Amino acid sequence: MQQKTAVVLFNLGGPDSLSAVRPFLFNLFSDPAIIAAPRPIRWLLAKYISAKRAPVAQDIYRQIGGRSPLLEQTQRQADALESRLGNGYKCFIAMRYWHPFTEEAIQAVRHFAPERVILLPLYPQYSCTTSGSSFGAWAKAAMDLPDPYRICCYPELPGLAQAFAESLHQALIEASRFGPPKVLFSAHGLPKNLILKGDPYQHQVERTAKSIMRALSEKIDSQICYQSRVGPLEWIGPETVAEIKAAGAESRPVIVVPLAFVSEHSETLVELDIEYRHIAEQAGVPCYLRVPTPCDHPAFIADLAELVQNAKPGTEPGGAHCAGEGFVCPGAHL
């Protein structure tokens, strides 16, 4: 008999109105996985940063209708996954920094009263700042629920690679009319010190890029690069903007593949589609294309369903299976 199973989809979350931008930013920067400082200092820093960045962030969200589309995108994925899984499974959404928060998802799961709980981050690559933070928040607030099965990461998921490769193939056809394209596999950046401490994110991004190229089965000139840098710390590179400008200096078309994102949000719809497009035009790039995220692509959803169906207890994220041996995220479980 099929066990009654709750599948919890983790995602970052996003403000649902312009007035929600500042509290959303405060929740983000008060997370110890983002700023690893003692609580009083972290709280003060979060208040300062959120107040300073709110006006800029509000301008960003105004360009996409005054709110983040991430919840609707995630709901589409949850509905598609639940349909694919069939009887006995119910999907829930737990956003880290805005509604529905982890605690709201826990209440809904309690009402469902499952025999099993499976945690599924919508981050293909594991990092303490994303999946690790969500796992920690769940562990802190859901002690009365069954011990969860953790799907820690899936950087080489065939359905993910297929979804990106199909769109990339079409983009290559279009961009090639302007010359040999430069393909930029662009991921959200991380401070370099986290990688040096053992966070497996960068290594997994590289694995995702290789899996997309295998699925593509055609030779491309590509570069892995990183976007969204903030703050004074040294971040992993090269930066996506620098690679766009370098392609522009050679008058080459650019195709950006947002390989660390599985749904559309401000970093794809604004940063990549508007801000980086403008930079590309100013740099002399003759054709700038951005590959869409997988969202509810059938191959992606089918492989997520297989991950859920094959989930096993006892998986510890950040362990040897995801190339982060011995890594402990500062504050991720606080």
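What the table below lists for this structure:
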{"quantity": "Residue match in the range 205-215 (condition: out of contact with any helix residue (DSSP H, G or I) (no Cβ under 9 Å at 6 or more places or on another chain) and over 28 Å from residue 118 (Cβ atoms))", "calculated": "no"}
{"quantity": "Strands (runs of 3 or more DSSP E) fully within the range 200-303 counting 3 or more residues that are within 30 Å of residue 50 (Cβ to Cβ)", "calculated": "221-227"}
{"quantity": "Single unsatisfied condition, residue 259 versus (1) hydrophobic (A, V, I, L, M, F, W, C); (2) within 30 Å of residue 80 (Cα to Cα); (3) surrounded by fewer than 23 Cβ atoms within 10 Å (Cβ to Cβ)", "calculated": "(3)"}
{"quantity": "Every pair of residues 6+ apart whose Cβ atoms lie under 6 Å, when the first sits in the range 150-169 and is under 20 Å from residue 118 (Cα atoms) while the second is of a type in the set (Phe, Trp, Tyr)", "calculated": "152/126; 153/126; 159/300; 160/300"}
{"quantity": "Selection count, the range 16-55, where residues are in a helix (DSSP H, G or I) and in contact with a Pro (Cβ under 6 Å, 6 or more places away or on another chain)", "calculated": "2"}
{"quantity": "Residue in the range 68-90 that is of a type in the set (Phe, Trp, Tyr), touching a helix residue (DSSP H, G or I) at 6+ places or on another chain (Cβ under 8 Å) and over 26 Å from residue 192 (Cβ atoms) present", "calculated": "yes"}
{"quantity": "In the range 79-112, residue surrounded by the most Cβ atoms within 10 Å (Cβ to Cβ) [restricted to those that are touching a strand residue (DSSP E or B) at 6+ places or on another chain (Cβ under 8 Å) and among the acidic types (Asp, Glu)]", "calculated": "82"}
{"quantity": "Filter pass, residue 187 being part of a helix (DSSP H, G or I) and touching a helix residue (DSSP H, G or I) at 6+ places or on another chain (Cβ under 8 Å)", "calculated": "no"}
{"quantity": "Residue among 277, 207, 252, 290 that alone is charged (D, E, K, R) and within 21 Å of residue 130 (Cβ to Cβ)", "calculated": "207"}
{"quantity": "Test: residue in the range 152-174 that is farther than 29 Å from residue 288 by Cα and within 21 Å of the chain's Cα centre (by Cα)", "calculated": "yes"}
{"quantity": "Pick from the range 70-117, criterion among the aromatic types (Phe, Trp, Tyr) and assigned to a loop (DSSP other than H, G, I, E, B), ranking: nearest to residue 132 (Cα to Cα)", "calculated": "97"}
{"quantity": "Residue among 58, 73, 3 that alone is out of contact with any Pro (no Cβ under 7 Å at 6 or more places or on another chain), in contact (Cβ under 8 Å) with a residue 60 or more places away in the chain and surrounded by fewer than 20 Cβ atoms within 10 Å (Cβ to Cβ)", "calculated": "3"}
{"quantity": "Pick from the range 124-146, criterion assigned to a loop (DSSP other than H, G, I, E, B) and within 16 Å of residue 105 (Cβ to Cβ), ranking: nearest to the chain's Cα centre (by Cα)", "calculated": "142"}
{"quantity": "Residues located in the range 39-79, provided they are among the polar types (S, T, N, Q) and more than 13 Å from residue 20 (Cβ to Cβ)", "calculated": "63, 73, 74, 75, 77"}
{"quantity": "Residue within the range 167-187 that is surrounded by fewer than 22 Cβ atoms within 10 Å (Cβ to Cβ) and touching a Ser or Thr at 6+ places or on another chain (Cβ under 6 Å) present", "calculated": "no"}
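Just so you know, all these numbers are worked out from the coordinates, no wet-lab data involved. Because the structure is predicted, anything quoted here is derived from the model rather than measured. Methodologically, a virtual Cβ is constructed for each residue, glycine included, from the backbone with ideal geometry; neighbour enumeration extends over all protein chains shown.
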